[in-house]
Amino acid sequence: MGAEECVVVGTGAVSAEEVIRVARHGAPVRISRDAMSAMAETRKRIEALAADPKPVYGISTGFGALATRHIPSALRTQLQRSLVRSHAAGNGPEVEREVVRALMLLRLSTLATGRTGARPEVAQVYASLLSAGITPVVHEYGSLGCSGDLAPLAHVALAVIGEGTVRDADGALVPAAAALSSAGIVPVVLEEKEGLALINGTDGMLGMLVLACEDLYALLRLADVTAAMSVEGLLGTDKVFAPDLQALRPHPGQARAAANMVRLLAGSEIVQSHANPSCTVVQDAYSLRCAPQVAGAARDTLAHAERVASWELASAVDNPVVTLDGRVESNGNFHGAPVGYVLDFLAIVVADVASMSERRTDRFLDVARNHGLPPFLADDPGVDSGHMIAQYTQAAIVSELKRLAAPASVDSIPSSAMQEDHVSMGWSAARKLRRAIDGLTRVLAVEALTAARALDLRAPLAPSPATGAVRDTIREHVAGPGTDRHLAPEIEAAVALAASGALVASAEAVVGRLD
């Protein structure tokens, strides 16, 4: 990797784009000189308070419900090590590599602000682990989202002190001590305050929010593509997407989605074939006519989530923190409510966009509503079932997405002997959103696959250049209409095209960047 690809972490916020580069694309990381200086300067204040006989929370006391106990200096290294070991209590399946890398970068970013009091050498181990491609094993369960993502962050901190298990750059499961030694990284011995500084943050849920925003932005453009294909294949009209009609309800996301659909449908022989007074259809169904309203509202919700993510990326989340004037103060900034709310909002959006997509697919299969296409788009209906069960698959996923849309952030289970009596469940909101985004990808892929088959069945009328290009991309991997074939591999091929961005890219090659 070239030096130009390195992400530099300073005292300010890392960007969402930098999180993506490190988490998904393996970009190496280094810490700026200003950040190293800021951490060294703040550390002086922590060391002064550590030498003071007066107890200071997080520095010379226990934690949480045990904060009333003053810890003598001889036991403070053990205190930090015990804190990390005891809080690394996660359970269940491993969390994805990209999530752990995002979490690590975001914790490093907070350390680099100088507001936590951690030494520069502690932060450097985070940068070194990221650059070496070493990923601590973090588990699915354990975080209540307050005080931040304690258990997930503690599993990372465990690796920083040379304990626990990691995945090396090749993905092999190895002891942390061995992986660090092979990479020439010296584990740290934590001093006062540093154990808390490594585990008190919203970094896991925030990392997943940033990743989800990236994914959902791409999927909403795909939703416009698949909706356009369905409008076309179901002999719908593009007139309802006209800019002057959209301007009567000036939601910005709606205008963007409608403009995309106008561009995608431009030049369609299929649309033009019934755009005349002899057409007896008065209005298209809501799933066609209102596609920009739903996809547009989804965009506006996404924009709000991105704003919240940008505020959180600019935050220094720890407890206690070292203020700019040198005070060490307890606070509640670790509470995950702001992030948890928008994670739940996005799960609702995902479920509704998928629900509308499934309704369009279902219309293709019903002879009472598909305007002349064969039942289930089958080659020989009765002998062949066509895409009948592809819609079942969609329906099963949509049902799951509705369950995942139930908000996690309205729940709270008190913990730590009622010291932490209200928690955010933001980590749980993030985990279910990741599953929901995978489901939306699959639902849109089935719609694209079904709509492409319908466009073929409208021959000799040609689709628009843009939707035709999407259909052609699918045809490179899945054959056109014919007798029944093993359908699961064809659906999976469409899912891969949807997830990779290939379907949107083929449309954009014709009409330019979709908004």
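List of remarks:
- Percent RCO, i.e. relative contact order, over the chain, from Cα pairs under 8 Å lying at least 6 residues apart: 16 percent
- Karplus-derived 3J(HN,Hα) values for segment 495-505, using 6.51 cos²θ - 1.76 cosθ + 1.60 with θ = phi - 60°, are 4, 4, 5, 5, 5, 6, x, 5, 5, 5, 4 Hz; glycine and proline are entered as x.
- Remark: segment 345-358, residue by residue, has Karplus-estimated 3J(HN,Hα) of 4, 5, 5, 5, 4, 4, 4, 6, 4, 5, 4, 5, 4, 4 Hz, where x stands for each Gly or Pro and the curve is 6.51 cos²θ - 1.76 cosθ + 1.60 at θ = phi - 60°.
- The Cα center of segment 189-265 and the Cα center of segment 394-471 differ in position by 12 Å.
- Per-residue packing, averaged as other Cβ atoms within 10 Å, sorts the ranges 448-461, 43-56 into the order 448-461, 43-56, beginning with the highest.
- 5 angstrom amide H check on Val166, placed H, neighbours 5+ away: Val137, Val174, Ala176
- Angle of helix 97-112 to the longest C-alpha principal axis of the chain, folded into 0 to 90 degrees and rounded to 10: 40°.
- Computed [θ] at 222 nm, helices only, for the chain once each DSSP H run of length n ≥ 4 contributes -39500 (n - 2.57): -18000 deg cm²/dmol
- 0 to 90° range, to nearest 10: angle between helix 33-51 axis and the chain longest Cα axis: 50 degrees
- Averaged per residue, segment 54-116 has 41 square angstrom of accessible surface, using a 1.4 angstrom probe with ligands and nucleic acids left out.
- Values of log10 I(q)/I(0), in the order q = 0.13, 0.18, 0.25, 0.28 Å⁻¹, for segment 418-491 under a Debye, Cα-only, solvent-free model: -0.54, -0.79, -1.15, -1.30
- Euclidean distance of C-alpha centroids, segment 119-156 and segment 31-61, integer Å: 21 Å
- For Ile397, net neighbour charge (Lys/Arg +1, Asp/Glu -1) across residues whose Cβ lies under 15 Å away: +1
- Relative contact order (%) - criterion: Cα under 8 Å, at least six apart; region: segment 140-244: 26 percent
- Less than 5 angstrom separates the built amide H of Val7 from those of Val29, Arg30, all sequence-distant by 5 or more or on a different chain.
- Annotation for segment 460-515: GluC sites (Glu not before Pro) lying in DSSP loop with at most 10 further Cβ atoms inside 10 Å of their Cβ are Glu476.
- Close amide-amide hydrogen proximity is noted between Glu420 and Ser415, each under 5 Å apart and 5 or more residues distant or on a separate chain (H modeled in the peptide plane; Pro and chain starts excluded).
- Candidate lysines - alpha carbon under 20 Å from Lys54, same-chain residues fewer than 8 apart omitted: Lys44, Lys193
- Derived scalar couplings between HN and Hα for segment 137-149 equal 7, 10, 10, 4, 10, x, 9, 9, x, 4, 6, x, 9 Hz in order, rounded to whole Hz, by the Karplus curve 6.51 cos²θ - 1.76 cosθ + 1.60 (θ = phi - 60°), x for Gly and Pro.
- The candidate values are (1) 58, 30, 21; (2) 52, 21, 20; (3) 31, 29, 25; the one derived from this structure for semi-axes √(5λ) of the Cα gyration tensor in Å carries the label (2).
- Prolate/oblate/rounded label for segment 17-134 (Cα gyration tensor, a/c 1.5): oblate
- Against the main long axis of the alpha-carbon atoms of the chain, helix 76-87 sits at an angle near 30°.
- With all protein chains in place and a 1.4 Å probe, the accessible surface of the chain carries 56 percent carbon and sulfur.
- Per residue value of the accessible surface for segment 239-305 (all protein chains in place, 1.4 Å probe), Å²: 51 Å²
- Fraction of alpha-carbon pairs over 19 Å apart in segment 213-351 - percent: 60 percent
- For segment 354-465: accessible area per residue (Å², 1.4 Å): 40 Å²
- Of the trypsin sites (Lys or Arg not before Pro) found in segment 282-348, those in coil by DSSP whose Cβ has at most 14 other Cβ atoms within 10 Å are Arg327.
- Cα gyration tensor shape for segment 106-189, rounded if a/c is under 1.5, else prolate or oblate: oblate
The values are calculated or read from the model by the stated rules, or taken from the named source; none is laboratory data. Just so it is clear, the model here is predicted, and its values are computed rather than measured. Don't worry about glycine lacking a Cβ; one is built from the backbone with ideal geometry, like all the others, and counts go over all protein chains shown. To get the accessible areas, we keep the full protein, side chains included, count just its heavy atoms, and leave off ligands, DNA and RNA. Shrake-Rupley method; radii C 1.70, N 1.55, O 1.52, S 1.80 Å.
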